[in-house]
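Some notes on the structure that comes next.
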Amino acid sequence: MPQDEVVSLFTELAALPSPPGDERAVADRVGAYMRDLGLDVSEDDAGARIGSNAGNLYAQVEAIDGGTPLFLCAHLDTVPPEAGINPVVENGVVRNSAGTILGADNKAAVAVMLEATRRILAENRPHGGIELLFTPKEEVGLHGAAAFDHERLQARIGYVYDQAAPIGEVILGAPYAHSMEVRIHGRAAHAGMYPEEGRSAIAAAAKAISDFKLGRVDEESSANVGLISGGTAGNIVPEWCTFLAEARSHDPEKLADMIREMLEAATFAASLEDCQVETEVHKSYSGYRFKRDDLAVRLAASALERSGFEPSYSLSGGAADANVFNERGLACVNLANGMAEIHTPDEHIAVADLERMVDVTLALVDVARETDAS
């Protein structure tokens, strides 16, 4: 059958809105597709535990030959669309004509993995075993993958396609990250009549944020303040202010130093305004780092070369489900799949890249079958 079936499947999935927590419609379609292939599909109870109406979908394709088994993972959710989703193909590129995201992140990967599996089964291609995992609520903290019982996976090597870059790019590492909530308490007062009696929580927050090192801190690290709220009215000295921040680094010691400096800056700024401060810091995810000669990376490089791509290697500033699996002792590599302008109304992916990633997936399976991981 023609590979352009992957385009039809992708546009069908992309047209189903699936913001984090509301993946039910796309999960039902993906589950039905796998059952139509004759696979036994299970859905875990992660949805109820993480605040989604869908859990993790898992299916296994029994090995036909020896070699190294693989798991393939993609997430079902997208960032929330701000309008309808109407995928169209124009000049060989899939876009959304409705003025919001397309959802190539990550439904392009879902479609590619399903189409590759369909071809493997239809052609009775030998392989060392394939496991498929589709997760909810990745975009808001990798929650689906974190809630999945990874001990169900027989494969020790896996792949996600969740990097918006040209095909051929292999991600060797992703950062560690912590989130921070800062709550500053001041004292309310009439801003015109008794401003001296007030203690401005917003002024304290502003001082703290101005002391933070934000943006690209160094080549390995970044930090951001993404949300702030506070006060009750324009003529009242604000008695409270809350802001949310994050820090990321490929070096966990640098990350610890960044968080410590941010906490100290918040405490000092609050003291200058005679305010009180409460802080909460939470680990968002752990980072990882591969070497080029690690087996999972070598398999990916070989598959890309067989598919006509020259492998390139980089580090990512963002996280993916791969972070979760690597923390749990599995080797999970993130591969670029050609999607572009993700999370924006200009998001798009070339038809050719959808088709080529099917070829890369089939090559991955072939290379793994020829390799003894033991």
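Being in contact (Cβ under 8 Å) with a residue 24 or more places away in the chain and outside any strand (DSSP E or B): is that true of residue 256 here? Quick ask: steps written out before the conclusion?
Details: in contact (Cβ under 8 Å) with a residue 24 or more places away in the chain: no; outside any strand (DSSP E or B): yes.
When the stated conditions are applied, residue 256 does not pass them.
Out of 29, 35, 118, report the one residue that is under 25 Å from residue 355 (Cβ atoms), open to solvent by less than 40 Å² (accessible area, probe 1.4 Å) and among the basic types (Lys, Arg). Reasoning before the result, please.
Numbers: 29 fails: open to solvent by less than 40 Å² (accessible area, probe 1.4 Å); 35 fails: open to solvent by less than 40 Å² (accessible area, probe 1.4 Å).
Only one candidate passes the filter, namely 118.
Can you pull out every residue in region 158-169 that is surrounded by fewer than 23 Cβ atoms within 10 Å (Cβ to Cβ) and either closer than 19 Å to residue 328 by Cβ or in contact with a Ser or Thr (Cβ under 7 Å, 6 or more places away or on another chain) (or both)?
Hits for region 158-169 are 168, 169.
Can you give me the number of residues within region 273-311 that are touching a Gly at 6+ places or on another chain (Cβ under 7 Å) and surrounded by 14 or more Cβ atoms within 10 Å (Cβ to Cβ)? Lay out the reasoning, then the answer.
Of the residues in region 273-311, the ones touching a Gly at 6+ places or on another chain (Cβ under 7 Å) are 273, 275, 284, 287-290, 304, 309-311.
Keeping just the survivors that are surrounded by 14 or more Cβ atoms within 10 Å (Cβ to Cβ) gives 273, 275, 284, 287-288, 290, 304, 309, 311.
Residues meeting the conditions: 9.
Could you grab me the full set of residues in region 143-179 that are charged (D, E, K, R) and either in contact (Cβ under 8 Å) with a residue 12 or more places away in the chain or over 23 Å from residue 131 (Cα atoms) (or both)?
Quick first cut of region 143-179, residues charged (D, E, K, R) only: 149, 151-152, 156, 162, 169.
Within region 143-179, 149, 152, 156, 162, 169 qualify.
Which of the residues spanning region 42-86 are of a type in the set (D, E, K, R) and buried (at least 20 other Cβ atoms within 10 Å of the Cβ)?
Residues of region 42-86 of a type in the set (D, E, K, R): 43-45, 49, 62, 65, 77, 82.
77 - this is the single residue of region 42-86 that is of a type in the set (D, E, K, R) and buried (at least 20 other Cβ atoms within 10 Å of the Cβ).
For region 53-78, how many residues are more than 30 Å from residue 303 (Cα to Cα) and either in contact with a Leu (Cβ under 9 Å, 6 or more places away or on another chain) or of a type in the set (A, V, I, L, M) (or both)? Even if it seems obvious, please write down each step before you answer.
The first filter runs over region 53-78 and keeps only residues more than 30 Å from residue 303 (Cα to Cα), leaving 53-55.
Still in the running and either in contact with a Leu (Cβ under 9 Å, 6 or more places away or on another chain) or of a type in the set (A, V, I, L, M) (or both): 54.
Counting residues in region 53-78 that are more than 30 Å from residue 303 (Cα to Cα) and either in contact with a Leu (Cβ under 9 Å, 6 or more places away or on another chain) or of a type in the set (A, V, I, L, M) (or both) gives 1.
Given the conditions (1) exposed (fewer than 15 other Cβ atoms within 10 Å of the Cβ); (2) in contact (Cβ under 8 Å) with a residue 12 or more places away in the chain, which single one is not true for residue 91?
It is condition (2) that residue 91 fails.
For region 144-154, name all the residues that are of a type outside the set (Phe, Trp, Tyr), out of contact with any Pro (no Cβ under 7 Å at 6 or more places or on another chain) and either surrounded by fewer than 24 Cβ atoms within 10 Å (Cβ to Cβ) or not in a helix (DSSP H, G or I) (or both). Walk me through it before giving the result.
Within region 144-154, the subset of a type outside the set (Phe, Trp, Tyr) is 144-147, 149-154.
Adding the requirement that they be out of contact with any Pro (no Cβ under 7 Å at 6 or more places or on another chain) leaves 145-147, 149-153.
Result: 146, 147, 149, 150, 151, 152, 153.
Yes or no, residue by residue, for (1) hydrophobic (A, V, I, L, M, F, W, C); (2) within 24 Å of residue 246 (Cβ to Cβ); (3) touching a His at 6+ places or on another chain (Cβ under 8 Å):
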residue	(1), (2), (3)
178	no, yes, yes
187	no, no, no
193	yes, no, no
196	no, no, no
203	yes, yes, no
207	no, yes, no
213	no, yes, no
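Can you name every residue in region 287-323 that is among the charged types (D, E, K, R) and in contact (Cβ under 8 Å) with a residue 60 or more places away in the chain?
Of region 287-323, the ones among the charged types (D, E, K, R) are 289, 291-294, 298, 305-306, 310, 321.
Hits for region 287-323 are 289, 291, 292, 306, 310, 321.
Regarding region 339-352, can at least one residue be identified that is in contact with a Lys or Arg (Cβ under 6 Å, 6 or more places away or on another chain) and either polar (S, T, N, Q) or over 30 Å from residue 187 (Cβ atoms) (or both)?
Here is the first cut: in region 339-352, the residues in contact with a Lys or Arg (Cβ under 6 Å, 6 or more places away or on another chain) are 348.
Next, from what is left, pick out any that are either polar (S, T, N, Q) or over 30 Å from residue 187 (Cβ atoms) (or both): 348.
Yes, region 339-352 contains a residue that is in contact with a Lys or Arg (Cβ under 6 Å, 6 or more places away or on another chain) and either polar (S, T, N, Q) or over 30 Å from residue 187 (Cβ atoms) (or both).
Show me the strands (runs of 3 or more DSSP E) found entirely inside region 197-249 where at least 3 residues are buried (at least 20 other Cβ atoms within 10 Å of the Cβ) and more than 34 Å from the chain's Cα centre (by Cα).
Details: elements: 215-218, 221-230, 240-249.
So the answer is none; nothing clears 3.
State all residues of region 319-374 that are over 18 Å from the mean Cα position of the chain (by Cα), surrounded by fewer than 24 Cβ atoms within 10 Å (Cβ to Cβ) and of a type in the set (S, T, N, Q); if no residue qualifies, say none.
371, 374, listed by residue number.
The values are calculated or read from the model by the stated rules, or taken from the named source; none is laboratory data. Quick caveat: nothing in here was measured; it's all calculated off a predicted structure. All Cβ positions, even for glycine, are placed from backbone atoms using ideal geometry, and neighbour counts span all protein chains on display. Areas reflect the complete protein model, heavy atoms only, side chains present, ligands, DNA and RNA absent. Shrake-Rupley method; radii C 1.70, N 1.55, O 1.52, S 1.80 Å.
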